[in-house]
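Read through the structure below, which is laid out as structure tokens, and then see the notes.
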Amino acid sequence: MTPLALVPVETDRDILPRYRKCPIGDLLALQNLGRPVPEASVPDLVIVTCMDHRVILDLPTFFAFCLRTAGATPMPVISNIAFAVGTAGARNICVVGHTDCAMGKVDVTGGAMVEHLVDHDGWTPDDAQAQLALLHQVFRIDDPVQATWTHARHLAERFPSCVVAPLLYRVEDGKLVQID
């Protein structure tokens, strides 16, 4: 397997050629270069990103459908993606993982979640453990770069008419990085 490369965007020329003339390139230019995006009346971009509050994408109205799930895992919202592609005509999809994702630490932090649910929210220990097991099974990631790339490849197979991009959001500086 060829190692994945992280390709930052510091100028327009840094945007990979396959994204330059589509909303994915516009997103990269907007987020990293502060360039405004063309106006649209219907979004042509679906963004699947993490529910983490530190992932901040300043998206204009009608620019994108934005779906948030733990770990930027698209499977729980695949029907939403299918709706945006099949009904609204979106032809571009981004999976935006991020640095320092808590879903990569769920093995370490899960005990605290279980304890809180039991002690403060009235869950039974069995129910809280079952929720942790589900979280671990569906949303846990080992490496945000690899997970984002894998999710994007899966979506490219499911939606072959779309351009699909794996991107990494750096919580350290709010910039997007292309995964190639």
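What to note about this one:
- Among the conditions (1) within 17 Å of F159 (Cβ to Cβ); (2) outside any loop (DSSP other than H, G, I, E, B); (3) touching a residue at least 40 places away in the same chain (Cβ under 8 Å); (4) of a type outside the set (A, V, I, L, M), the only one that G71 does not satisfy is (1).
- Across segment 22-42, the qualifying residues are those that are more than 21 Å from the chain's Cα centre (by Cα) and of a type in the set (D, E, K, R), and the one among them that is nearest to A88 (Cα to Cα) is E39.
- Taking the conditions (1) at pLDDT 95 or above; (2) under 13 Å from the mean Cα position of the chain (by Cα) in turn, A90 satisfies each one other than (2).
- When restricted to residues that are exposed (fewer than 15 other Cβ atoms within 10 Å of the Cβ), of a type in the set (V, I, T) and within 30 Å of L134 (Cβ to Cβ), segment 25-79 contains 1.
- The set of residues in segment 15-24 that are out of contact with any Gly (no Cβ under 8 Å at 6 or more places or on another chain), surrounded by 14 or more Cβ atoms within 10 Å (Cβ to Cβ) and either among the β-branched types (V, I, T) or over 20 Å from I47 (Cβ atoms) (or both) contains only I24.
The values are calculated or read from the model by the stated rules, or taken from the named source; none is laboratory data. If you're wondering where the values come from, they're calculated on a predicted model, not measured in any experiment. Don't worry about glycine lacking a Cβ; one is built from the backbone with ideal geometry, like all the others, and counts go over all protein chains shown.
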